[in-house]
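Enquirer: Pasting in a structure now, in structure tokens, and then I'll have a few things to ask.
The values are calculated or read from the model by the stated rules, or taken from the named source; none is laboratory data. On a predicted model such as this, the values are computed, not experimentally measured, just so you know. Counting neighbours? That spans all protein chains shown, and the Cβs are built from the backbone with ideal geometry, glycine included. Heavy atoms of the whole protein, side chains included, go into the accessibility calculation; ligands, DNA and RNA do not. Shrake-Rupley method; radii C 1.70, N 1.55, O 1.52, S 1.80 Å.
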Amino acid sequence: MKIAVTGKGGVGKTTLTALLARAFVEKGYQVLAIDADPSPCLGQALGFPSDLVARLEPIARMEALIYERTGAQPGSIGGYFKLNPRVDDLPDQFAVEHDGVRLLELGAVEMGGAGCICPESAVLRSLVTHLLLRRDEVVLLDLYAGVEHLGRSTADAVDAMLIVVEPTVRSLATAAQIKKLAEDLRLPRLFLVGSKVQSDDDRSFITAGSPGLAVLGFLSADTAVRQADRTSAAVYDISGRLRSEAQALVQALARVRAEG
Ligand SMILES: Nc1ncnc2c1ncn2[C@@H]1O[C@H](COP(=O)(O)OP(=O)(O)OP(=O)(O)O)[C@@H](O)[C@H]1O
Ligand SMILES: [Mg+2]
């Protein structure tokens with residue numbers, strides 16, 4: 001199952017991705033979590049110990065690798081390089097694992113549209129395509145804002161795209177923009193996930209303000225998120241409430257998948 005997580009900055013995408021990753025592991029799935037944020041922090045949210053986080057190197061910054069695979073130096077524009085480099089060995093080589101979750105960092109590259117044609121974007125795009133189309137496991141993509149990492153060829157492979165929203169007008173407006181971009185790519189199965197909700201009022205606000213998307217579930221506002229951040233713990237381990245909300249989301253995703 002392949003799940004992409006997106007939404008306005010700061011709404012709780014990384015927290016959701018980390019919670020889902022652990023909930024899927026608990027269900028017995030193989031889970032690969034992908035941090036596509038230019039300032040990665042999914043490792044921390046997953047409670048990875050700092051020595052493991054230190055071992056993570058964003059693929060986009062592996063200059064020797066990018067050169068080896070594409071035949072060109074990262075950052076070079078124009079010139080010749082391979083547009084579909086070999087990447088199938090990269091997840092096993094560079095992912096690090098903790099609590100059953102394997103984590104890979106992509107690093108920062110502009111991958112939007114035709115504007116960027118550089119060797120590192122070729123590697124990342126091939127890698128995302130490979131992960132989405134070929135690997136038989138749960139893949140969770142923590143995209144920062146937007147859907148730039150996804151192209152038409154991978155859109156069909158995404159079983160669900162989750163747009164995270166807080167109970168605010170602004171995050172719902174961003175969700176509406178993302179929905180439009182996603183529909184341009186013909187990404188199917190878009191859902192909202194409400195984040196940091198404090199009351200039924202918040203839940204109703206999100207449901208009523210949804211840009212025509214079903215709400216897959218909600219995550220409560222919980223001080224455990226901040227506490228986890230300060231203690232380097234995984235939120236999943238310290239908040240029973242968020243844990244059960246994540247488990248409910250995994251069940252909802254399983255239903256989405258079953259319905260095709
Ligand atoms: N359920 C929650 N309850 C309370 N605080 C939360 C919750 N989820 C996220 N937060 C807080 O909101 C902030 C942003 O969370 P997070 O990093 O998960 O969001 P993000 O969407 O990934 O952000 P970014 O766009 O910067 O990548 C953090 O300070 C986090 O502690
Ligand atoms: Mg994030």
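Enquirer: How large a share of the accessible area of segment 131-260, in percent, is made up of carbon and sulfur atoms when the probe is 1.4 Å and the other protein chains stay in place?
Expert: Taking all protein chains in place, segment 131-260 shows 47 percent carbon and sulfur surface.
Enquirer: Going highest first, how would you order 242-250, 196-204, 43-51 by mean Cβ packing within 10 Å?
Expert: 242-250, 43-51, 196-204
Enquirer: Another one. Percent of Cα-Cα pairs per 5 Å bin, from 0 to the last occupied bin, for segment 1-129, please list those.
Expert: All Cα pairs, binned at 5 Å, distribute as 2, 10, 20, 22, 19, 14, 9, 4, 1, 0 percent.
Enquirer: Rounded to two decimals, what ratio of Rg to Rh does segment 116-260 give with C-alpha atoms and a Kirkwood Rh?
Expert: Ratio value, two decimals: 0.98.
Enquirer: Let me ask another. Keeping the other protein chains in place, figure out the carbon and sulfur percent of the accessible area of segment 64-107, with a 1.4 Å probe.
Expert: Carbon and sulfur: 51 percent of the exposed surface of segment 64-107.
Enquirer: Related question: For Y80, Y29, give the ranking by accessible area with the largest first, probe 1.4 Å.
Expert: Sorted by accessible area, descending: Y80, Y29.
Enquirer: Now, a different point. Given a 1.4 angstrom probe, what's the average accessible area per residue across the chain, in square angstrom?
Expert: With the other protein chains kept in place, the chain gives 45 Å² per residue.
Enquirer: Using alpha carbons only, how many degrees (0 to 90, rounded to 10) separate the axis of helix 119-133 from the longest principal axis of the chain?
Expert: Relative to the chain, helix 119-133 is tipped by roughly 50 degrees.
Enquirer: How large is log10 of I(q)/I(0) for segment 159-225 at q = 0.12, 0.16, 0.17, 0.25 Å⁻¹ when the intensity is taken from the Debye formula with one equal scatterer per alpha-carbon?
Expert: -0.28, -0.49, -0.55, -1.04
Enquirer: Compute the acute angle (0 to 90°) between the alpha-carbon long axis of helix 13-26 and the principal axis of greatest extent of the alpha-carbon atoms of the chain; round to the nearest 10°.
Expert: The two axes meet at around 90 degrees.
Enquirer: So, one more: Starting from the alpha-carbon convex hull of the chain, give the projected area averaged over all orientations, in nm².
Expert: With every direction weighted equally, the projected area is 13.0 nm².
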